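Some notes on the structure that comes next.
The values are calculated or read from the model by the stated rules, or taken from the named source; none is laboratory data. These numbers were taken from a predicted model, which means no experiment stands behind them. Here the Cβ positions follow ideal geometry from the backbone for every residue, glycine too, while neighbour counts run over all protein chains shown. Only protein heavy atoms, including side chains, enter the accessible area calculation; ligands, DNA and RNA are left aside. Shrake-Rupley method; radii C 1.70, N 1.55, O 1.52, S 1.80 Å.
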Amino acid sequence: MPGICVITEQRGGEVKRASLEALAEALRKKSTVGGDVTAVVLGHEIGEAAAALAASGADQVVAFDRADLALYSSEGHCACAAQAVRDAGASVVFVAATIQGRDLAAAISGGAALDAGYAADCTAIDTDGGDLVATRPVFAGKAIIKVRCTAETFVLSLRPNIFDATLPGGSASVTTATPPFDEGSLRARVTGIAASTKGRKDVAEADIVVSGGRGAGSPEGFAPIEALAEALDAAVGASRAVVDLGWRPHAEQVGQTGKVVSPKLYVAAGISGAIQHLAGMRTSKVIVAINKDPAAPIFKVADYGIVGDLHEVLPALKDALLALA
Amino acid sequence: MNAICCIARVPDTATRIKIGPNGKSIDPEGVQYVINPFDEFALEAAIQHKEAKGGELVVMYVGQDDFAKDLRQCLAKGADKAIHLKIDGPLGPQGISSLLAEKIRPLMPASVFCGKQAVDGDVGGMGVMLAGLLDVPAVSKVSSLELKDDTAVATREIEGGVETIDASLPCVFTFEKGANEPRRAGLKEIMAAKKKPLEVEEVSAPAPKLSVESLELPPPRPEGRIVGEGTEAVAELVLLLREESKVI
Ligand SMILES: Cc1cc2nc3c(=O)[nH]c(=O)nc-3n(C[C@H](O)[C@H](O)[C@H](O)COP(=O)(O)OP(=O)(O)OC[C@H]3O[C@@H](n4cnc5c(N)ncnc54)[C@H](O)[C@@H]3O)c2cc1C
């Protein structure tokens with residue numbers, strides 16, 4: 001039986017934007033796949049999230065609401081989500097490719113759950129006849145692959161910030177489902193979440209990222225980078241060189257072994273543009289590079305470059321931007 | 001309790017990718033292959049597990065190509081045994097996890113250590129799928145791990161925060177960069193590793209669940225421009241960001 005199940009993610013009762021993007025995309029693909037679009041939500045005391053999904057345009061909403069689902073566990077969320085997919089008889093599953101979503105999408109695709117074909121971190125989904133063809137980056141974005149599913153069930157995780165989140169609206173009924181395992185039987189689960197430092201924006205989620213590299217000169221040399229980020233309401237990013245030097249936390253690293261970002265504006269200051277760094281940011285909409293060395297490879301991918309010392313250029317840029325506001 | 005470390009063979013991250021003549025896979029010509037960077041952290045954690053809990057540490061690699069030199073490196077660092085499950089075609093995380101699960105089952109109870117994703121296919125699902133097949137819990141993207149008697153406490157960086165995860169052992173852990181300081185093997189260990197067992201076993205690969213339509217290079221970014229030098233170029237840059245690309 002056809003149909004699409006969207007396994008959504010909520011935090012504090014609010015459905016994540018990336019999940020709404022996945023749901024909107026599912027509704028756009030409904031006519032190709034056939035059947036219903038079912039939105040699934042998991043957590044504890046999530047009535048609000050379920051109600052928001054019911055008003056989104058989905059055909060039905062399934063809610064798993066129990067204390068041991070309040071925080072994530074791969075095992076528990078997977079068991080519930082896989083059951084919801086089976087109950088709905090869905091042939092396609094969409095999940096937002098957040099950190100949690102990528103864990104869950106992999107878990108439900110595994111041989112012990114749905115034994116599905118799994119396309120991770122998709123950046124486009126096309127249709128060909130009745131089939132979905134998923135486009136996704138491989139080799140850290142150095143190549144793009146298109147795949148189609150040869151198994152009965154196709155699980156796709158959708159990269160955040162790519163798919164349009166416009167929802168048609170509607171009024172679906174909410175079904176409460178019982179998790180298929182005993183309460184308290186989970187063997188690995190999240191027990192707490194600490195917000196990162198100073199409630200700073202996360203590089204992977206921010207609209208604007210200002211990144212610094214070894215050219216900053218020292219940990220203190222990041223002051224102009226942080227100041228510009230603040231003026232732009234941006235996240236601070238970093239090259240691996242400065243993370244390995246201990247100047248910046250790992251959470252800020254952009255690149256092949258850090259985070260892959262595609263903000264609308266990426267500012268690279270004092271970053272040479274090594275292939276592993278480019279892999280993490282080359283899909284940004286606009287790239288600005290500031291580097292002392294006119295031959296730095298970063299200028300090859302930058303839309304706009306300024307040759308100069310970041311300690312002079314960034315403060316001037318910040319002042320010019322503040323003057324605009 | 002035993003420990004298993006799963007190793008993937010991937011192109012060096014500095015590789016410039018070229019597309020092969022079939023348009024569905026990369027051209028391997030001139031590509032240098034290395035241990036998946038995230039697996040280095042998994043191996044270190046597995047060695048620490050062995051040091052703390054005893055048992056055997058087995059390194060497993062599923063792949064088409066010979067990887068003996070790198071597997072010897074793992075043996076030199078502290079693994080007791082290496083197994084290469086040799087297949088005759090490429091395989092996704094489903095297939096790899098099912099082959100590994102069969103091989104690991106007789107060694108249970110064992111905790112399993114993997115990288116968070118292999119930097120070729122970038123799927124990041126093998127470890128979690130393996131946990132399901134072994135019926136043990138999974139913790140992915142571990143950024144730090146503390147082993148206790150029968151449990152472990154891990155942290156994971158998520159969007160805007162850090163999660164703490166309690167897990168009972170055995171468990172599958174997949175590792176993020178920076179979770180520990182991978183050790184280097186000394187000359188003595190490298191010599192000793194030559195005597196450790198390295199088995200190659202031919203296995204038949206299960207049918208893949210995805211079929212590849214095409215593999216292409218991403219469209220090149222449009223040619224950029226140098227706006228100017230130093231602070232004098234700032235006004236123009238701001239204008240361009242506002243008027244031309246409209247991002248601020
Ligand atoms: C397996 C592996 C994985 C990797 N993964 C990543 C990754 O995920 N992310 C990543 O970033 N790197 C990664 N790297 C490292 C990468 O190869 C580079 O070493 C790194 O990106 C360089 O960082 P950088 O540009 O800050 O430093 P450098 O290459 O040293 O460049 C510094 C730049 O700053 C400029 N500069 C100096 N002073 C100033 C100034 N006052 N004002 C303006 N400009 C100035 C210089 O001209 C130079 O271009 C990886 C490497 C390996 C082997």
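Working only within the stretch B:18-43, note down all residues that are within 15 Å of the ligand (Cβ to nearest atom) and either under 30 Å from B:K148 (Cα atoms) or in a loop (DSSP other than H, G, I, E, B) (or both).
Step one: of the stretch B:18-43, the residues within 15 Å of the ligand (Cβ to nearest atom) are B:31-43.
The answer is B:V31, B:Q32, B:I35, B:N36, B:P37, B:F38, B:D39, B:E40, B:F41, B:A42, B:L43.
Tell me whether the stretch A:188-197 contains one or more residues that are away from chain B (no Cβ under 14 Å), modelled with pLDDT of 95 or more and crowded, with 21+ Cβ neighbours inside 10 Å. Give the steps one after another, and end with the answer.
Our first condition is that a residue be away from chain B (no Cβ under 14 Å); within the stretch A:188-197, this holds for none.
There is no residue in the stretch A:188-197 that is away from chain B (no Cβ under 14 Å), modelled with pLDDT of 95 or more and crowded, with 21+ Cβ neighbours inside 10 Å.
For the stretch A:109-146, how many residues are of a type in the set (A, V, I, L, M, F, W, C), over 15 Å from the mean Cα position of the chain (by Cα) and at the interface with chain B (Cβ under 9 Å from one of its Cβ atoms)? Reasoning before the result, please.
Looking only at the stretch A:109-146, we keep the residues that are of a type in the set (A, V, I, L, M, F, W, C), and these are A:112-114, A:116, A:119-120, A:122, A:124-125, A:132-134, A:138-140, A:143-145.
From what is left, the residues that are over 15 Å from the mean Cα position of the chain (by Cα) are A:112-114, A:116, A:125, A:132-134, A:138-139, A:143-145.
From the residues that got through so far, the ones that are at the interface with chain B (Cβ under 9 Å from one of its Cβ atoms) too are A:112-113, A:116, A:133-134, A:138-139, A:143-145.
Residues that pass the stated criteria total 10.
Going by the conditions given, is A:D164 open to solvent by 40 Å² or more (accessible area, probe 1.4 Å), outside any loop (DSSP other than H, G, I, E, B) and more than 8 Å from chain B (Cβ to nearest Cβ)?
Working: open to solvent by 40 Å² or more (accessible area, probe 1.4 Å): yes; outside any loop (DSSP other than H, G, I, E, B): no; more than 8 Å from chain B (Cβ to nearest Cβ): yes.
Answer is no for this residue.
Between a residue in the stretch B:51-66 that is within 23 Å of B:R9 (Cβ to Cβ) and any residue that is modelled with pLDDT under 95, which pairs come within a Cβ distance under 8 Å, given they are 6 or more apart or on different chains?
Within 8 Å, the pairs are B:V62/B:L91; B:Q64/B:D88; B:Q64/B:G89; B:Q64/B:P90.
In the stretch A:303-325, which residue that is open to solvent by 70 Å² or more (accessible area, probe 1.4 Å) and either within 18 Å of B:P222 (Cα to Cα) or not acidic (D, E) (or both) is farthest from the ligand (Cβ to nearest atom)? Break it down into steps so the answer makes sense when it comes.
Initially, the stretch A:303-325 is screened for residues open to solvent by 70 Å² or more (accessible area, probe 1.4 Å), giving A:311-312, A:319, A:322-325.
In the following step, the residues that additionally are either within 18 Å of B:P222 (Cα to Cα) or not acidic (D, E) (or both) were identified as A:311, A:322-325.
Details: A:H311: 6, A:L322: 21, A:A323: 23, A:L324: 23, A:A325: 25 Å.
Selected residue: A:A325.
When you go through B:E229, B:E216, B:E189, B:E236 one by one, which is the residue that is closer than 29 Å to A:W247 by Cα and either surrounded by 12 or more Cβ atoms within 10 Å (Cβ to Cβ) or under 27 Å from the mean Cα position of the chain (by Cα) (or both)?
Numbers: B:E216 fails: closer than 29 Å to A:W247 by Cα; B:E189 fails: closer than 29 Å to A:W247 by Cα; B:E236 fails: closer than 29 Å to A:W247 by Cα.
On inspection, the qualifying residue turns out to be B:E229.
Yes/no per residue for (1) at pLDDT 95 or above; (2) within 29 Å of A:A279 (Cβ to Cβ):
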| site | (1), (2) |
| --- | --- |
| B:V31 | yes, yes |
| B:P37 | yes, yes |
| B:V62 | yes, yes |
| B:Q73 | yes, yes |
| B:A76 | yes, no |
| B:D88 | no, no |
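Tally up the residues in the stretch A:275-302 that are free of Cβ contacts under 8 Å to residues at least 40 places away in the same chain, facing chain B (nearest Cβ under 8 Å), open to solvent by 30 Å² or more (accessible area, probe 1.4 Å) and part of a loop (DSSP other than H, G, I, E, B), please.
Here the count works out to 2.
Output the residues belonging to the stretch A:258-274 that are open to solvent by 10 Å² or more (accessible area, probe 1.4 Å) and without any contact (Cβ under 8 Å) to a residue 60 or more places away in the chain. Write out each step before concluding.
Just the residues of the stretch A:258-274 that are open to solvent by 10 Å² or more (accessible area, probe 1.4 Å), to begin with: A:258-260, A:262, A:264, A:270, A:272, A:274.
Hits for the stretch A:258-274 are A:G258, A:K259, A:K264, A:G270, A:S272, A:A274.
Free of Cβ contacts under 8 Å to residues at least 60 places away in the same chain and part of a strand (DSSP E or B): is that true of A:V95 in this structure?
Details: free of Cβ contacts under 8 Å to residues at least 60 places away in the same chain: no; part of a strand (DSSP E or B): yes.
So A:V95 does not fit the description; no.
Tally up the residues in the stretch B:85-119 that are away from every other protein chain (no Cβ under 12 Å), open to solvent by less than 30 Å² (accessible area, probe 1.4 Å) and not in a loop (DSSP other than H, G, I, E, B), please.
Of the residues in that region, 5 qualify.
Here is a check on your reading of the model: is A:A241 away from every other protein chain (no Cβ under 14 Å), within 16 Å of the ligand (Cβ to nearest atom) and in a helix (DSSP H, G or I)?
Details: away from every other protein chain (no Cβ under 14 Å): no; within 16 Å of the ligand (Cβ to nearest atom): yes; in a helix (DSSP H, G or I): yes.
No.
Could you grab me the full set of residues in the stretch B:20-42 that are in contact with a Phe, Trp or Tyr (Cβ under 7 Å, 6 or more places away or on another chain) and either farther than 16 Å from A:V138 by Cβ or surrounded by fewer than 14 Cβ atoms within 10 Å (Cβ to Cβ) (or both)? Full working, then the answer.
Just the residues of the stretch B:20-42 that are in contact with a Phe, Trp or Tyr (Cβ under 7 Å, 6 or more places away or on another chain), to begin with: B:38, B:41-42.
Hits for the stretch B:20-42 are B:F41, B:A42.
With the requirement that a residue be closer than 18 Å to A:D309 by Cβ and within 7 Å of chain A (Cβ to nearest Cβ), what does the stretch B:224-237 give you?
First pass over the stretch B:224-237, keeping only residues closer than 18 Å to A:D309 by Cβ: B:226-237.
Listed by number, the residues that qualify are B:I226, B:V227, B:G228, B:E229, B:G230, B:T231, B:A233, B:V234, B:A235, B:L237.
Within the stretch B:124-139, take every residue that is open to solvent by 20 Å² or more (accessible area, probe 1.4 Å) and touching a Gly at 6+ places or on another chain (Cβ under 7 Å) and give me the one that is farthest from B:S168 (Cα to Cα).
In this case the residue turns out to be B:L133.
Inspect all residues belonging to the stretch A:260-274 and state whether any of them is of a type in the set (A, V, I, L, M), more than 23 Å from B:P218 (Cβ to Cβ) and more than 9 Å from every other protein chain (Cβ to nearest Cβ). Spell out how you get there, then give the answer.
Going residue by residue through the stretch A:260-274, those that are of a type in the set (A, V, I, L, M) are A:260-261, A:265, A:267-269, A:271, A:274.
Those left that are additionally more than 23 Å from B:P218 (Cβ to Cβ): A:269.
If we keep only those that are more than 9 Å from every other protein chain (Cβ to nearest Cβ) too, we end up with A:269.
For the stretch A:260-274, residues of a type in the set (A, V, I, L, M), more than 23 Å from B:P218 (Cβ to Cβ) and more than 9 Å from every other protein chain (Cβ to nearest Cβ): present.
Restricting to the stretch B:128-173, count the residues that are in a helix (DSSP H, G or I), under 17 Å from the mean Cα position of the chain (by Cα) and farther than 14 Å from A:I99 by Cβ. Step through it out loud before you land on a result.
Restricting attention to the stretch B:128-173, the residues satisfying the condition of being in a helix (DSSP H, G or I) are B:128-134.
Remaining after also requiring under 17 Å from the mean Cα position of the chain (by Cα): B:128-131.
Those left that are additionally farther than 14 Å from A:I99 by Cβ: B:129-131.
So the answer is 3.
Residues being surrounded by fewer than 19 Cβ atoms within 10 Å (Cβ to Cβ) and within 21 Å of B:D149 (Cβ to Cβ): count how many of those fall in the stretch B:1-17.
Matching residues across the stretch B:1-17 total 1.
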